[in-house]
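J.: Can you keep this structure in mind? I'll have questions shortly.
The values are calculated or read from the model by the stated rules, or taken from the named source; none is laboratory data. Treat the numbers as computed from the prediction; the structure is a model and nothing was measured. All Cβ positions, even for glycine, are placed from backbone atoms using ideal geometry, and neighbour counts span all protein chains on display.
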Amino acid sequence: MTLRTSALLFSTLLAACGTTSPKGAANVAASNLQSISLPGGTAGPVMMDYIAYDRTNKRVWVPAGNTGKVDVIELASGQVTPIDGFVTQEMERHGKKRTVGPSSATVGDGVVYVGNRGDSTVCAFEAHSLKKGACIKIDSMPDGLAYVAAAKEVWVTTPRDKSLSVLDASNPDALTLKTKMTFEGEPEGFAVDDARGIFYTNLEDKDRTLSIDIKTHQISKTWMPACGEDGPKGLAHDHALNFLFVACADKVKVLDAGNDGKILSTLETGQGVDNIDYVEARHQLFVGAAKAAKLTVAAVDAQGKLTVQALVATANGARNAVATDEGTAYLTCAPEGKILVVAPTAMH
């Protein structure tokens, strides 16, 4: 999420992250909803944006902005190990001061990369030992990070100057800038199709979705998801079906990436959607709506139709879910500095 949008949303969500009943969420599924408190969370809000799931080591990485830490959660035990030492800085947006710091993570080959708004750096960490490796400073605050395995690159959206930086991660001990792409709008969200050599992102302020060739770094296609004034947010991709899921502020759309971005279906999810996650083996999409205080778990069929499998009452401010291969979802809940854990929903 861009810093501009994040500040506006966060200012409306300074409510407790205790469980609430979302308005209009009839037939809310019974669930085993738990929470994990983060270091510093008891003292006030913990600013969180993009989190990442490390499937190899069974951990969730949580950049915890204003605390100057990245909190690593062991899924088996719920134990939280904080990584300290990240630079933070105080900023003023819309007349309000806030402290920014680490805000995004992506998992590579034995390495986790963390973007920090506090000093505009991207740093590499050994995924198993958590040992800090190389860092690189880029021209603008990093927003989303995505590891592109086929090219051994880290792609970094930097919406403040309408650009995207591509980092050479072939040697994690020496990150270098390979190229920088500029756009006519603010890049937001990401999805990678390694097999077809495509990187997807949105232009949030232009209501556009871009298909970018990973080898040439050129825009190959531009689609109109028709999200409206708030623009498109997060992205996810089904590699086998070649469907692209585009999150709008209150809904998700399925685009046929193999058929010029044709919109196949739309599913209303409630207000406050940002990033989304998809578990392809389960054909399940996970959409946290911060303002509606609910998690929608939806299935997609071979025709691209989304069907709700569960509506789970979460909390005001709960968003940006990541999901395990078993279907357990982890959502950020910034106002009380917690990660919410939602038990798997049965597949139909």
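J.: Counting only residues that are touching an Asp or Glu at 6+ places or on another chain (Cβ under 6 Å) and not small (Gly, Ala, Ser), which one in region 98-125 is nearest to TRP61 (Cα to Cα)?
T.: VAL107
J.: Can you pull out every residue in region 90-113 that is at pLDDT 95 or above and more than 24 Å from SER35 (Cα to Cα)? Give the derivation first.
T.: Here is the first cut: in region 90-113, the residues at pLDDT 95 or above are 100-113.
Hits for region 90-113 are GLY108, ASP109, GLY110, VAL111, TYR113.
J.: Quick one: would you say TYR113 is aromatic (Phe, Trp, Tyr), in contact (Cβ under 8 Å) with a residue 12 or more places away in the chain, touching a Leu at 6+ places or on another chain (Cβ under 6 Å) and more than 21 Å from VAL70 (Cα to Cα)?
T.: No, not satisfied.
J.: Scanning for something within 24 Å of GLU326 (Cβ to Cβ), small (Gly, Ala, Ser) and crowded, with 22+ Cβ neighbours inside 10 Å, does region 260-272 turn up at least one residue? Before you say what the answer is, go through the steps one by one.
T.: Keep residues of region 260-272 that are within 24 Å of GLU326 (Cβ to Cβ), which gives 267, 269.
This time we only want the ones that are small (Gly, Ala, Ser), so: none.
Checked against the condition, which is being within 24 Å of GLU326 (Cβ to Cβ), small (Gly, Ala, Ser) and crowded, with 22+ Cβ neighbours inside 10 Å, region 260-272 yields no hits at all.
J.: Exactly one of (1) in a loop (DSSP other than H, G, I, E, B); (2) free of Cβ contacts under 8 Å to residues at least 40 places away in the same chain; (3) over 14 Å from ASN320 (Cα atoms) is unmet by LEU241. Its number?
T.: Of the numbered conditions (1) in a loop (DSSP other than H, G, I, E, B); (2) free of Cβ contacts under 8 Å to residues at least 40 places away in the same chain; (3) over 14 Å from ASN320 (Cα atoms), the odd one out for LEU241 is (2).
J.: Still on this structure, please answer the following. Hey, LEU175 hits all of (1) surrounded by 21 or more Cβ atoms within 10 Å (Cβ to Cβ); (2) out of contact with any strand residue (DSSP E or B) (no Cβ under 6 Å at 6 or more places or on another chain); (3) under 22 Å from TYR113 (Cα atoms) but one; which does it fall short on?
T.: (2)
J.: Restricting attention to region 312-342, and to residues there that are in contact (Cβ under 8 Å) with a residue 60 or more places away in the chain, surrounded by fewer than 23 Cβ atoms within 10 Å (Cβ to Cβ) and charged (D, E, K, R), which single residue is farthest from SER103 (Cα to Cα)?
T.: ASP325
J.: How many of the residues making up region 262-291 are of a type in the set (A, V, I, L, M) and over 18 Å from the mean Cα position of the chain (by Cα)? Before you say what the answer is, go through the steps one by one.
T.: First, pick out the residues of region 262-291 that are of a type in the set (A, V, I, L, M): 263-264, 267, 273, 276, 279, 281, 285, 287, 289-290.
Of the ones still in play, those that are also over 18 Å from the mean Cα position of the chain (by Cα) are 263-264, 267, 281.
Total satisfying the criteria: 4.
J.: Residue under question is LEU267, and the condition is that it be under 23 Å from GLN309 (Cβ atoms), in contact with a strand residue (DSSP E or B) (Cβ under 6 Å, 6 or more places away or on another chain) and either assigned to a strand (DSSP E or B) or among the hydroxyl-bearing types (Ser, Thr, Tyr) (or both); does it hold?
T.: Working: under 23 Å from GLN309 (Cβ atoms): yes; in contact with a strand residue (DSSP E or B) (Cβ under 6 Å, 6 or more places away or on another chain): yes; either assigned to a strand (DSSP E or B) or among the hydroxyl-bearing types (Ser, Thr, Tyr) (or both): yes.
Answer is yes for this residue.
J.: Something else now. Can you tell me which condition ALA240 does not meet? The list is (1) more than 20 Å from ALA299 (Cα to Cα); (2) of a type in the set (Gly, Ala, Ser); (3) in contact with a helix residue (DSSP H, G or I) (Cβ under 9 Å, 6 or more places away or on another chain), and all the others hold.
T.: (1)
J.: In addition: Got a sec? Which of LYS305, LYS291 is among the basic types (Lys, Arg) and touching an Asp or Glu at 6+ places or on another chain (Cβ under 9 Å)?
T.: Working: LYS305 fails: touching an Asp or Glu at 6+ places or on another chain (Cβ under 9 Å).
That would be LYS291, the only listed residue that is among the basic types (Lys, Arg) and touching an Asp or Glu at 6+ places or on another chain (Cβ under 9 Å).
J.: Continuing with the same structure: Within region 70-86, can one find any residue that is assigned to a loop (DSSP other than H, G, I, E, B) and either touching a Ser or Thr at 6+ places or on another chain (Cβ under 6 Å) or under 17 Å from GLY44 (Cα atoms) (or both)? So that I can check it myself, show each step before the final result.
T.: So the first thing to find is which residues in region 70-86 are assigned to a loop (DSSP other than H, G, I, E, B), and the list is 75-79, 84-86.
When the remaining residues are screened for being either touching a Ser or Thr at 6+ places or on another chain (Cβ under 6 Å) or under 17 Å from GLY44 (Cα atoms) (or both), the result is none.
Within region 70-86, not a single residue is assigned to a loop (DSSP other than H, G, I, E, B) and either touching a Ser or Thr at 6+ places or on another chain (Cβ under 6 Å) or under 17 Å from GLY44 (Cα atoms) (or both).
J.: It is to be established whether one or more residues within region 265-283 are touching a Lys or Arg at 6+ places or on another chain (Cβ under 7 Å), under 16 Å from TRP223 (Cα atoms) and of a type outside the set (Gly, Ala, Ser).
T.: Yes; the residues of region 265-283 include at least one that is touching a Lys or Arg at 6+ places or on another chain (Cβ under 7 Å), under 16 Å from TRP223 (Cα atoms) and of a type outside the set (Gly, Ala, Ser).
J.: Filter region 303-348 for residues that are in a loop (DSSP other than H, G, I, E, B) and among the hydroxyl-bearing types (Ser, Thr, Tyr); which is modelled with the lowest pLDDT? Give the steps one after another, and end with the answer.
T.: Within region 303-348, the first condition is being in a loop (DSSP other than H, G, I, E, B), and the residues that meet it are 303-305, 314-317, 324-328, 337, 343-348.
Next, only the ones that are among the hydroxyl-bearing types (Ser, Thr, Tyr) stay: 314, 324, 328, 345.
Details: THR314: 96, THR324: 98, THR328: 98, THR345: 88.
Among them, the one singled out is THR345.
J.: If you don't mind, another one. Looking only at residues in region 138-193 that are basic (Lys, Arg) and part of a loop (DSSP other than H, G, I, E, B), which one is nearest to the chain's Cα centre (by Cα)? Working first, answer last.
T.: Start the filter on region 138-193 by keeping residues that are basic (Lys, Arg), which leaves 152, 160, 162, 178, 180.
Restricting the remaining residues to those that are part of a loop (DSSP other than H, G, I, E, B) gives 152, 162.
On the way: LYS152: 20, LYS162: 18 Å.
That would be LYS162.
J.: If you go through region 45-104 one residue at a time, how many are under 22 Å from ARG319 (Cα atoms) and touching a Pro at 6+ places or on another chain (Cβ under 8 Å)?
T.: 21
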